[in-house]
Structures are given as C-alpha cells and as structure tokens.
Amino acid sequence: MAERAFSAVIFDFGGVITSSPFEAFNRLEAERGVPQDFVRRVNATNPDDNAWARFERAEIGAAEFDALFAAEAKALGHDLAGADVLAVLAGAVRPAMVRALDQLKAAGYRIACITNNVPTGHGAGMSRSADHSDALEQIFARFEHVIESSKAGVRKPDPRIYQMMCEKLGLEPATCIYLDDLGVNCKPAAKLGMHAIKVTSGEQALADLSAVLGLPLG
C-alpha cells in the first residue's frame, strides 16, 4: 500500500469548526451604528500589541481588555466597549465539520487544533471549559492535541505556534494539512511546509479537504 502524503489535519476552531465570529461582529456593528468591519479594523491596527493580541496571549484580563479596546475604538472615531465585542464572540457549531472530524479519525488521520482565544468567558473564541458535558468541550475532546493561544502565550500568525503543534504530534510540517479562515494565519503554516486551506465556508472547506485527501467528508 502506498504511503499517504498526509498524516494529520490541523484545524483552527472559530470560523472553521464554528461559524465565523466576523458575522457576529458585523451584526453588533449594525446594531451600534458603527461601520461594517470596524472591529476587524481596530484589531488590525497595531496587530501584535493591541488589546486583542495582548488578551489572546493572556497578558491582560477582561477588565483591562474592555478599557483598552474602547480606547482603541475611540481613537478610530467610534464608541465600542471591549466587553460588548466579547459578548458576541461565540460562533455556532457547523455540524458537518464535526462529522468530518469523526470521519478523518475513522480513516486513520490524526487531528489537532490551534486556536487563538481569550482567557475568560466561554465560547468558540474563549478559553476551554472544564465541563466534559459541554457541547464545545465534546468537540475539543476529539482532537489529539489542542494549543490555545491564551495558555501557550503565543498566537497565530507567530510561526512558533505551528512549530509547537508539529513537535507535539512528532510530525514534519509537510505531512500536515492546516485549515484557517484567515489568510494571514494560513501563510506561516504554508511557509513551514504545511498544505494550507483558507476557509470561506464550511462547504468549501470540506470540498477542498476532501479533494486533497481523496476522502468524502461531511
């Protein structure tokens, strides 16, 4: 039997396993009368050291994030509290993606997750719960390894977080597929040698992954 090209599939969580948080951000922006994609604009300003980046590395707590994000938003011309952004961060689970995790495991692929998340609250973009009956925890439990930025102290797109996962798996990057809804996070994975798939929808992600592996998914 020919050796398979890939041994592991590594997933982002929010925006891949769950719907994109950007959809929720857009609804919040519409409710508050601020421009569409304003939250993304705030988070793209000084992206390595702004409130969001520092919170995902667990360098600050929720109260400090609330104030710092509000100040960053104000500097860009609008009033928006960080707490309001966190309140809508959880995305809806994509059932077909969860089915695909089980199908991949059944086919002998190792699965893992690298997620940028924040250290407080609960939801797709927040730190994991200790409740094993929780729906999101049941999804996380499927992964062989999970690296959370808020616990690792490093966040995507820092290449170190991808290297950390390869070390945990004991695999070379070239044997891994990586899925993320942000191109900026796919680029370092691809540069390391992973096969990167940029996710624009659950259907597209599964179609692309199915094509690469020659395995029906979903």
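The values are calculated or read from the model by the stated rules, or taken from the named source; none is laboratory data. Every value quoted in this text rests on a predicted model; they were computed, and no experiment measured them. Neighbour counts are summed over all protein chains in view; Cβ atoms, including those assigned to glycine, are modelled from backbone coordinates with ideal geometry.
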Within the stretch 1-27, can you find the residues that are touching a helix residue (DSSP H, G or I) at 6+ places or on another chain (Cβ under 7 Å), outside any loop (DSSP other than H, G, I, E, B) and at pLDDT below 95?
-> Phe22, Phe25
What pairs can you find where one residue is in the stretch 124-153 and modelled with pLDDT under 75, the other is surrounded by 15 or more Cβ atoms within 10 Å (Cβ to Cβ) and in a strand (DSSP E or B), and their Cβ atoms are less than 6 Å apart, with a gap of 6+ or different chains?
-> Ala124/Thr18; Met126/Val118
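Mind listing whichever residues of the stretch 153-168 are in a helix (DSSP H, G or I) and buried (at least 19 other Cβ atoms within 10 Å of the Cβ)?
Ile161, Tyr162, Met165, Cys166 - these are the residues of the stretch 153-168 that are in a helix (DSSP H, G or I) and buried (at least 19 other Cβ atoms within 10 Å of the Cβ).
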Residue in the stretch 192-209 that is farthest from Ser20 (Cα to Cα), counting only those that are in contact (Cβ under 8 Å) with a residue 24 or more places away in the chain and outside any strand (DSSP E or B) = Leu192
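Can you work out which of the residues in the stretch 67-108 that are among the acidic types (Asp, Glu) and more than 17 Å from Phe143 (Cβ to Cβ) is surrounded by the fewest Cβ atoms within 10 Å (Cβ to Cβ)? Break it down stepwise before answering.
So in the stretch 67-108, the residues among the acidic types (Asp, Glu) come out as 72, 79, 84, 102.
Of the ones still in play, those that are also more than 17 Å from Phe143 (Cβ to Cβ) are 72, 79, 84.
Values: Glu72: 19, Asp79: 11, Asp84: 17.
If we take residues in the stretch 67-108 being among the acidic types (Asp, Glu) and more than 17 Å from Phe143 (Cβ to Cβ), then Asp79 is surrounded by the fewest Cβ atoms within 10 Å (Cβ to Cβ).
How many of the residues in the stretch 30-58 are of a type in the set (Asp, Glu) and touching a residue at least 40 places away in the same chain (Cβ under 8 Å)?
Residues in the stretch 30-58 being of a type in the set (Asp, Glu) and touching a residue at least 40 places away in the same chain (Cβ under 8 Å): 1 in total.
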